[in-house]
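Structure first, then comments.
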Amino acid sequence: MAAYLLAGFDFERIGPLTLAFSDDGGSHSFSLTEGTYALRDLSSVMGAGLYTAIAAKIQTEMNTASDGAGTYTVTWSSTTYAFTVAYSSGNFTMTLTGSDEALRMGRLLGFSANASGAASYASTRTPYYVLALAKDGPAEYSRDYEVSGQTKRQASAGARAFSVGPRSYERRTKFDLQFNTLASTFADKATASAPWTYEHLVQHARCHQPIVLAYSAESVVYKLVKGEFDEDARKSVWGDYHGRWHLGVEGQVLGRL
């Protein structure tokens, strides 16, 4: 299994997305303006209806908007990171340029141009909100731990000790993601084929969007404790070697998928 980071997103924060498409039933369009989604369904950790899979939402909207003879299927692959959009009744087109709303949809689906002349399309570049990692798994992995200071000890006038604390305790984890490239770490080094970097991810997620670290052992859902792309967020390899970078993470553990 390839390791990757994946961030949730909220349309009210990133802005609306619009998809205009044409098939044997004519021209159609729809917009996504609210709700929280991710490329993977995170609702088992985040709560019912929260951060559900965006592919299923787009598929539903396309089939609702279309009055053609066929049906649409939209899938996302956790292996290739590509979306596939297919129509069962012949060729169709998708407009993914021309407006901010359309461009956002193109970035989400992994397209940099309009799609036409086929019955199925796969992402032509890595979609936003997912980042492939160089190594399958974290290093310097702390596993989960409780943050200190959540329990407060006190003593009564009769010297009887007692403590107070929250009903549920925040748990955190620390780890490094090793040997990632300049192009996958820094926004100004991003490539046309993989425009979403770790700097983009941190600045998007900050401390409020969920992030998934998925690798062969497990998939950990967490939120960043520090939401800045600062010196602690990346570490050069071998001191002054700038071809590869370790990504440092401290996160509040929300659960596992």
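The values are calculated or read from the model by the stated rules, or taken from the named source; none is laboratory data. Small disclaimer: the values here were computed from a predicted structure and weren't measured. In this analysis, Cβ positions are derived from the backbone assuming ideal geometry, glycine residues included, and neighbour counts consider all displayed protein chains. The accessibility values were calculated without ligands, DNA or RNA, using every heavy atom of the protein model including side chains. Shrake-Rupley method; radii C 1.70, N 1.55, O 1.52, S 1.80 Å.
So the values come out like this:
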quantity	calculated
Residue among L108, L131 that is closer than 30 Å to R234 by Cβ, part of a strand (DSSP E or B), among the aliphatic types (A, V, I, L, M) and open to solvent by less than 50 Å² (accessible area, probe 1.4 Å)	L131
Single match in T73, T60, T84 (criterion: among the hydroxyl-bearing types (S, T, Y) and either over 21 Å from T124 (Cα atoms) or at pLDDT below 95 (or both))	T60
Cross-chain or 6+ apart pairs with Cβ under 8 Å, the stretch 157-174 first and without any contact (Cβ under 8 Å) to a residue 24 or more places away in the chain and farther than 20 Å from E140 by Cβ, then polar (S, T, N, Q) and not in a loop (DSSP other than H, G, I, E, B)	A161/Q154; F162/Q154; S163/Q154; V164/Q154
Restricting the stretch 177-196 to residues that are touching a strand residue (DSSP E or B) at 6+ places or on another chain (Cβ under 7 Å) and either buried (at least 18 other Cβ atoms within 10 Å of the Cβ) or polar (S, T, N, Q) (or both), the residue that is farthest from G243 (Cα to Cα)	W196
Output for the stretch 1-54, where each listed residue is of a type in the set (S, T, Y), farther than 22 Å from Q252 by Cα and not in a loop (DSSP other than H, G, I, E, B)	T18, S22, S27, S29, S31
Failed criterion for T173 (all others in (1) at pLDDT below 95; (2) under 17 Å from G227 (Cβ atoms); (3) within 23 Å of the chain's Cα centre (by Cα); (4) not acidic (D, E) hold)	(1)
